[in-house]
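Please read the structure below before turning to the comments.
The values are calculated or read from the model by the stated rules, or taken from the named source; none is laboratory data. Note that the coordinates shown come from a computational prediction; the quantities given were computed from them, not determined experimentally. Cβ coordinates were reconstructed from backbone atoms using ideal geometry, including for glycine residues, and neighbour counts include every protein chain displayed.
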Amino acid sequence: MTDGSPLWGALGMLGSLDARVLEVVGLSLGASALATGAATVVGLPAALAIGLGRFRGRRLVRAAVRSFMMVPAVLIGLLIYLALGRGGPLGGLEWLYTPWAIVVAQALLALPLATALFVAAIESVDPLLLDAVRTSGAGPWWTARGAVRQAAPGLFAGLLTAFARVVGETGMTLMVGGNILGQTRTMTTAIATETMRGEFELAIALGIVLLGLSLAVNVVLLLLEPRADARAR
Amino acid sequence: MRVRVEGLAREAGRPPRRILDGIDLELPGPGVHAVIGPNGSGKTTLLRALALLDPPDEGAIHFDGACVAHAARARPARGARRRVTMVFDRPALLRGTVRWNLEFALRAAGAGREERAARVGALAEPLALERILESRVDRISAGEARRATLARGLALRAELLLLDEPTANLDPLSAAVVEKAIAGLAEGRETTVVLATHDLGQARRLADRVHFLVGGRIAQDGEAAAVLDAPQSVALAEFVGMENLFRGTVEDRGEVQRFVAPGIDWAVIAERAGPSWAGLPARDVLISRGPVESSALNDVAGRIAAIDERGPTVVVELATKGVPELRLRAAVTRATLSGMGLATGQEVRFVFKAASVRLFQA
């Protein structure tokens, strides 16, 4: 490896906390965190209703959520583009090519995945534990609280998985964000752009950050695994 | 609380199997009621229905005269669940410390901070929980977890407390602690306790009344001693471990009735003739080395085939001389065994009164 290689240049950028790297990483993490948060706010109550509810058509709803997981990201990008575009029903918000468009699209992408993983976590709770809460005279609110507490490691794993999924998304983010430098350029879109321009230093630096992020998420998931599997007494 | 169950039926599984098949039950008020019965008889299902966790498929449940669960309704009456709590046959504690679990249940039940602390404090000593109150539930033993689960049930001070096998798999010390707590509750005379148990000794020690459940139906109920000492069905006789059970026919021979089966012709006291089961409790049988003159009408000769000294009493098994050879069991004390010098192979006689033979409809 020579001093002029892109890898050394990328490591140098990371070491010196290059402003361009920080800006892109900050935007990416911020948008994906907001999107995952929004997916959790909607997905967790939905998962509790599906996981704890005893309503007609519950299995159908669960299957529908799983089906939405299969929807290609680029299709969600198209839908958001059409909705936020000038002639679209939400065009008045003027969010297209802003970070908000990325947040909305990523939230929609994360929602079915997060919900399905939350449902799985809630349904893995020993039903006897929930009966124990119910027989304390508790209503649905307390039963849900008990379920969330017991399923916490599984829920957190679902949240991290959804985050990892959206932070690594490229095509959809490019479509609705526009890849505008300093405004909507995320890690993945920056890597694509810089690579096409032959500017490998920034691309490699961002790639290392993404790789590190992915590793970190996997380590946390690994740490959560035995706890998620453990049944409380 | 007064509890009345009318024609309660529950089905489960695929294809549906009838677990409870028309239960009629009356719990007149505070006290301890034991529900006994073999595995699969429906004890847990009955308790879950009483806890209002599973709705009846048929029938209804009334608390103090008010209908709280009915086959026509999917949900129990509003507020009724707060009057009842169930302690399951295995620990069911949420992630957290023992104290957190107790407090969580009390918070869910609407108890204030001081009330919660007082109730948890009041149970720590009698259930030997002081040492583990701040321990995480995955760091305590199975016995401690069972006691913590019971503590949660007791802390709620529900009017109806349902205990499913509260001492199953507990060491004798933990079982004694749990039984003491239940006995304490019975003394208070404020709670209606329903105890599902396999342990007949426990039912005898703790329960005022016993309900024998078999095949999803109450086969016999009444005062504990009356039910356990005088089974009226062959199922209960088998369940309480009546040692000598035979199927045959009661014949009415004028002044005396006889129970007749291959190798058996015993004097019995019967209300009617016909096919019947006869049960002879081993403790009602006397062993004699030779013929005896007594009021007992039954005297069966044979030789000792086996002596089992493992239990609290010694069980002596007699191989009768009749054809076919039968095995009869008698229970004696260890002092009798050594005093009489009983040994395998000896010729002896088993003597018992006609009144000792319990007859059950076939």
Determine whether region A:174-187 contains at least one residue that is under 23 Å from A:Ala46 (Cα atoms), away from chain B (no Cβ under 14 Å) and of a type in the set (Ser, Thr, Tyr). no
Please indicate, with yes or no, whether at least one residue in region A:79-90 is closer than 24 Å to A:Gly53 by Cα, within 20 Å of the chain's Cα centre (by Cα), away from chain B (no Cβ under 14 Å) and modelled with pLDDT of 95 or more. no
Keeping to region B:45-76, report how many residues are away from chain A (no Cβ under 14 Å), in contact with a helix residue (DSSP H, G or I) (Cβ under 7 Å, 6 or more places away or on another chain) and acidic (Asp, Glu). 0
Within region A:65-84, which residues are of a type in the set (Gly, Ala, Ser) and either surrounded by 14 or more Cβ atoms within 10 Å (Cβ to Cβ) or within 18 Å of A:Gly168 (Cβ to Cβ) (or both)? A:Ala73, A:Gly77, A:Ala83
Of everything in region B:77-93, what is assigned to a helix (DSSP H, G or I), without any contact (Cβ under 8 Å) to a residue 60 or more places away in the chain and over 11 Å from A:Arg134 (Cβ atoms)? Give them in sequence order. B:Ala80
Helices (runs of 4 or more DSSP H) fully within region A:89-167 counting 1 or more residues that are charged (D, E, K, R), in contact with a Leu (Cβ under 7 Å, 6 or more places away or on another chain) and within 30 Å of A:Ile180 (Cβ to Cβ): A:140-167
Please name all residue pairs, on different chains or six or more residues apart, with Cβ atoms under 8 Å, provided the first residue is in region B:153-169 and is within 16 Å of B:Gly188 (Cα to Cα) and the second residue is of a type in the set (Asp, Glu). B:Glu159/B:Glu190
Give the residues of region B:131-175 that are closer than 20 Å to B:Gly201 by Cβ, of a type in the set (Asp, Glu) and away from chain A (no Cβ under 12 Å), sorted by residue number. B:Glu165, B:Asp171
Is it fair to say A:Leu17 is outside any helix (DSSP H, G or I), farther than 30 Å from A:Ile122 by Cβ and aliphatic (A, V, I, L, M)? yes
Those residues that are basic (Lys, Arg) and either within 10 Å of another protein chain (Cβ to nearest Cβ) or within 29 Å of the chain's Cα centre (by Cα) (or both), I need them from region B:90-106; list them, please. B:Arg90, B:Arg95
For region B:1-43, what are the residues that are surrounded by 19 or more Cβ atoms within 10 Å (Cβ to Cβ), closer than 22 Å to B:Thr191 by Cβ and of a type outside the set (A, V, I, L, M, F, W, C)? B:His33, B:Lys43
Restricting to region B:16-72, count the residues that are farther than 12 Å from B:Val3 by Cβ, touching an Asp or Glu at 6+ places or on another chain (Cβ under 6 Å) and of a type in the set (A, V, I, L, M). 3
Residue identified as of a type outside the set (Ser, Thr, Tyr), within 12 Å of chain A (Cβ to nearest Cβ) and closer than 28 Å to B:Gly29 by Cα among B:Ala109, B:Ala124: B:Ala109
Picking from B:Gly254, B:Gly222, which residue would you name as being small (Gly, Ala, Ser), within 22 Å of B:Thr45 (Cα to Cα) and at pLDDT below 95? B:Gly222
So A:Leu17 passes all but one of these: (1) on the phi > 0 side of the Ramachandran plot; (2) surrounded by 12 or more Cβ atoms within 10 Å (Cβ to Cβ); (3) among the hydrophobic types (A, V, I, L, M, F, W, C). Which condition number does it fail? (2)
I'm trying to understand the selection: among the residues of region A:127-141, which are touching a residue at least 40 places away in the same chain (Cβ under 8 Å) and within 8 Å of chain B (Cβ to nearest Cβ)? A:Leu129
Checklist (1) on the phi < 0 side of the Ramachandran plot; (2) touching a residue at least 24 places away in the same chain (Cβ under 8 Å); (3) not charged (D, E, K, R) applied to B:Pro15, failing item: (2)
If you scan region B:323-340, which residues turn out to be surrounded by 16 or more Cβ atoms within 10 Å (Cβ to Cβ) and among the hydrophobic types (A, V, I, L, M, F, W, C)? B:Leu326, B:Leu328, B:Ala330, B:Ala331, B:Val332, B:Leu337
Of the residues B:Val227, B:Val210, B:Val193, B:Val178, which single one is more than 15 Å from the chain's Cα centre (by Cα) and either away from chain A (no Cβ under 14 Å) or in a loop (DSSP other than H, G, I, E, B) (or both)? B:Val178
Over region B:25-41, the set of residues in a strand (DSSP E or B) and under 12 Å from B:Leu213 (Cβ atoms) is B:Leu25, B:His33, B:Ala34, B:Val35, B:Ile36
Within region A:99-121, identify whether any single residue is under 24 Å from the mean Cα position of the chain (by Cα) and within 14 Å of chain B (Cβ to nearest Cβ), and answer yes or no. yes
Selection status of A:Ala190, touching a helix residue (DSSP H, G or I) at 6+ places or on another chain (Cβ under 6 Å) and either within 30 Å of A:Ile122 (Cβ to Cβ) or at pLDDT 90 or above (or both): yes
Being touching a strand residue (DSSP E or B) at 6+ places or on another chain (Cβ under 9 Å) and either at pLDDT 90 or above or at the interface with another protein chain (Cβ under 8 Å from one of its Cβ atoms) (or both) is the filter here, so list the residues in region B:77-89 that pass it. B:Ala80, B:Arg81, B:Arg83, B:Val84, B:Thr85, B:Met86, B:Val87, B:Phe88, B:Asp89
Of the conditions (1) of a type in the set (Lys, Arg); (2) without any contact (Cβ under 8 Å) to a residue 40 or more places away in the chain; (3) within 25 Å of B:Leu156 (Cα to Cα); (4) more than 11 Å from chain A (Cβ to nearest Cβ), B:Arg4 satisfies every one except a single condition; which number is it? (2)
Condition (residue is touching a residue at least 60 places away in the same chain (Cβ under 8 Å), outside any loop (DSSP other than H, G, I, E, B), over 21 Å from A:Gly139 (Cα atoms) and of a type in the set (D, E, K, R)) applied to region B:64-74: is it met by at least one residue? no
